[in-house]
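J.: Please see the structure below; I have some questions.
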Amino acid sequence: MVQFGQDVIGGLGFGAIYALAALGLVIIFKTSRLVNFAFGSMGTAVAMILWTLLSAVRLPLVAAWLLALVGAAVVGALTDEALLRRIEQAPSLIQITITLGLFIGIEGLVGVLWGYTPKPLPELTSGGSLRVGPYFLTPDQLLIVALTLVLAAALHFVLERTRLGLAMRAIAQDRDTAMLMGVPTRRTVALSWAWGVLLSGLAAILVAPAVSLSPTMMDQIAVFAFAAAVLGGFGSLAGAIVGGFIVGIVGNLISAYLSTNFQLTFIFLLIVAVLYVRPHGIFGSAAQSRQ
Amino acid sequence: MIRARRRGLPWPLLAFGFAVAFPAAYGGNTAIMSVATQCLIYAVAAASLNLLMGYGGQVSLGHAGFLAAGAYTAAVVAIHFRLPLVPEILAAGLVAAAIGFVLGLPTGRLHGLYLVILTLGFGVAVPQIALNWTGLTNGWAGLAMPPTTLWGLDLTSQPTLYYCVLAVSWLCLLAMLSLVATRSGRIFMAVRDSEAAAMAMGVNVWRAKVKVFTTSAFFCGIAGDLLAHWTGLVAPTSFPFDLSLLFFSMVIVGGMGSIWGSLTGAVLLVVIADQAASVGGLSTAIIGGAVVLTLLVAPEGLASLPRVVSWRLRRMLEREAPGEIGRFRNRDQRVRKERRA
């Protein structure tokens, strides 16, 4: 039983990463009705920038972090401004496809610029694992989980209590009406892209010490995060968090008790099963996924 | 329609003639022949995906899974049953089609994102299943294709393999092309353009979707069979997610809803990948860039390029030549001059 609990805890760290990345997807989806499939390789690019800032420019850790995240936000806003705005009127399949093209392109570009040799990013915290009752936790895991929950709470606050959040919710409900009511739709959508890519970048930076930093590092994590967002019902913050943790914990249990190789297969089986019962995800409603 | 077809050159025939003749120009250079074979195999896979996306209006991010199903069937059938080539190819297609049928069943309920996650999951799961089902697939090590002969010709040596692949792939492309011209093809397109309208016309939408999924998987399975002969080894690592993305890119670059476009896209991207292989990531970057550029500049892909270019040219010529518009403009000026006088 203790072992089982330990395996559940072991999944928390990655669960939080998936939740963060899924949050980034959901924020973008809420305003622009698009899935940013490029989030994985965008995150990798941010982590690579951080590595350069730390190892080549030798900035202090906090400054490098801030710079990398600002870079992520700029990339997000630029993607919306420079690319997606130009094909606003195109069918959604075309718009989704362009983010897939970006995913491939950025991954290749990161490979060309930084190469494929794995690079180390320092762990965020030092010191041995903490002991809570019979269970062990690494400080990094704890930090990642805490950070994810705090960020989710902050996002919830922004969405529900601020003018920007109100604008986002208005756009999510009906973009044209929001525009007619004087909501600055373009700026708000660009901002949500900035936030979304920032969260993807953060997820990549946080996971980089655990897996080694390479251009394809986020491939599998991106698939899991996308799965988490679908599981939670695209368009719901709580769904992204819950979906992320479910995928993380179940994934860890599968690799502990069944087979490491089968992790993805079983996660997808789980998702198919959930979608069969609730076709719009755990927290989703029919209206949200109707396009 | 008929007039337009008569006026244009018989491009498919010319391309086929080129494909038949070009090995002579290179004197059987095996490296080039190998790339050419790969082009043809990937063209069938891309065209099968195009059948699903461009004509059926569905999405699949897991077509490498069907390719794997076809390749593994080919290897198992060739090793255990020693079937001749033609039944082996059919078996590969049919096994993939059966999987496609099962995967297509929920498409009546699943749309957009949920279909993406289903096909994505399928594409990722197939290599993992192959890895773990060691009794059938030999796990990591994979299955080596036994040497195959067709009418006494050795299929492992290069010009023979190329011509065999050329014949099969051309048949597949032509079959897909004639399929979209039939009643079934029209139904696929009707469902793609508007499910509600198709339903109102008496089309069974769900059946059409399952049908297009099954057909697409069938042709992709055949491509998998050809791939098995080309690589000589079928292993779980040969069918990564990147491969599904590559087929997807070929369809987009070549143009959705054009079988010949997919052939063009496949040839272009395979050649790019081959040329840029020396620098890690370069080919991926170029392919991704090509997808983005295509969507921004010509969303209907390379296939629409002749049409777009000729339209632009005609408009430019018309502006310069004293055509209808020019004459009217002159008259306008004359009228204005008379009024002033």
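The values are calculated or read from the model by the stated rules, or taken from the named source; none is laboratory data. As the structure is a computational prediction, the values presented were derived from the model and not from experiment. In this analysis, Cβ positions are derived from the backbone assuming ideal geometry, glycine residues included, and neighbour counts consider all displayed protein chains. Keep in mind that these areas ignore ligands, DNA and RNA; they rest on the heavy atoms of the full protein, side chains included. Shrake-Rupley method; radii C 1.70, N 1.55, O 1.52, S 1.80 Å.
J.: Distance from the Cα centre of the range A:160-176 to that of the range A:123-155, in angstrom?
T.: Comparing the Cα centres of the range A:160-176 and the range A:123-155, I get a distance of 32 Å.
J.: Would you calculate the separation in nanometres between label points at B:Thr182 and B:Thr156, each defined as 7 Å from the Cα along the Cα-to-beta-carbon direction?
T.: For B:Thr182 paired with B:Thr156, the spin-label model returns 3.8 nm.
J.: If you average the C-alpha positions of the range A:1-46 and of the range B:240-303 separately, how far apart do those two centres end up, in angstrom?
T.: If you average the Cα positions of each part, the centres end up 29 Å apart.
J.: Can you show me the helix-derived [θ] at 222 nm for chain B, built from DSSP H runs with n ≥ 4 at -39,500 (n - 2.57) apiece and divided by the number of residues, rounded to the nearest 500.
T.: One gets -24000 deg cm²/dmol as the mean residue ellipticity at 222 nm.
J.: If one takes the accessible area of chain A alone plus chain B alone and subtracts that of the pair, with a 1.4 Å probe, what total in Å², rounded to the nearest 100, results?
T.: Approximately 3200 Å², summed over both chains.
J.: What distance in nm separates the simple spin-label points at B:Leu174 and A:Glu81, each placed 7 Å from Cα in the Cβ direction?
T.: Label-label distance for B:Leu174 and A:Glu81, simple model: 5.4 nm.
J.: With Kirkwood's inverse mean 1/r over C-alpha pairs for Rh, give me the Rg to Rh ratio of the range A:1-83, two decimals please.
T.: Over the Cα atoms of the range A:1-83, Rg/Rh equals 1.10.
J.: Let me ask another. With a 1.4 Å probe and every protein chain left in place, work out the accessible area per residue of the range A:2-289 in Å², rounded to a whole number.
T.: Ligands and nucleic acids excluded, the result is 41 Å² per residue.
J.: Specify the inter-centroid distance of the range B:131-206 and the range A:199-246, based on alpha-carbon positions, in whole Å.
T.: Value for the Cα centre distance between the two parts: 34 Å.
J.: What's the local net charge at B:Glu88, with K and R +1, D and E -1, over the other residues with C-beta under 14 Å away?
T.: My count for the surroundings of B:Glu88 gives 0.
J.: Could you work out the longest stretch of chain B that avoids the trypsin sites (Lys or Arg not before Pro) located in DSSP loops with at most 15 other Cβ atoms within 10 Å?
T.: For trypsin sites (Lys or Arg not before Pro) (loop position, at most 15 other Cβ atoms within 10 Å), the longest site-free span of chain B is B:110-341.
J.: If amide H atoms are built 1.01 Å from N in the plane of the peptide, which residues on other chains or at least 5 residues away come under 5 Å of the amide H of B:Leu150?
T.: B:Leu155
J.: I've got another one for you. Just to be sure I understand the model, the point goes 7 Å from the Cα along the line to the Cβ. What's the resulting A:Ala146 to A:Leu67 distance in nm?
T.: For the pair A:Ala146/A:Leu67, the computed spacing is 2.7 nm.
J.: Based solely on its DSSP helices, what 222 nm [θ] is calculated for chain A when runs of n ≥ 4 H residues each add -39,500 (n - 2.57) and the sum is averaged over all residues, nearest 500 deg cm²/dmol?
T.: Theoretical 222 nm ellipticity from helices: -24000 deg cm²/dmol.
J.: Next question. Beyond 33 Å, what share of the Cα-Cα pairs of chain B remains, rounded to the nearest whole percent?
T.: Here the long-distance tail beyond 33 Å is 33 percent of all Cα pairs in chain B.
J.: Give me P(r) over the protein assembly as shown, computed from all C-alpha to C-alpha distances, binned every 20 Å, as integer percentages.
T.: Histogram of Cα-Cα distances, whole percents per bin: 18, 49, 27, 5, 1, 0.
J.: Further question on the same structure: Mind checking which aspartates and glutamates have their C-alpha under 20 Å from A:Lys30, skipping anything on the same chain fewer than 8 residues away?
T.: Those aspartates and glutamates meeting the cut-off are A:Asp80, A:Glu81, A:Glu88, A:Glu160, A:Asp174, A:Asp176.
J.: With only Lys, Arg, Asp and Glu charged, each at its Cβ (+1 for the first two, -1 for the last two), find how big the charge dipole of chain A is about the Cα centre; round to the nearest 20 debye.
T.: The calculation lands at about 520 debye.
J.: Another question, if that's okay. Taking the Cα atoms of the range B:202-243 alone, what are Rg (to one decimal) and Dmax (as a whole number) in Å?
T.: 14.6, 47
J.: A follow-up question, please. Taking the Cα atoms of the range B:1-122, report the difference between the largest and smallest coordinate on each principal axis, in whole Å and largest first.
T.: In descending order, the Cα extents are 50, 48, 24 Å.
J.: Now for a separate question. So, with a 1.4 angstrom probe, what is the percent of accessible area on the range B:12-240 that is carbon and sulfur?
T.: Carbon and sulfur: 71 percent of the exposed surface of the range B:12-240.
J.: Now, a different point. Work out how far the C-alpha atoms of chain A reach from end to end along every principal axis, then list the three figures in whole Å, largest first.
T.: Largest first, chain A extends 58, 50, 34 Å along its Cα principal axes.
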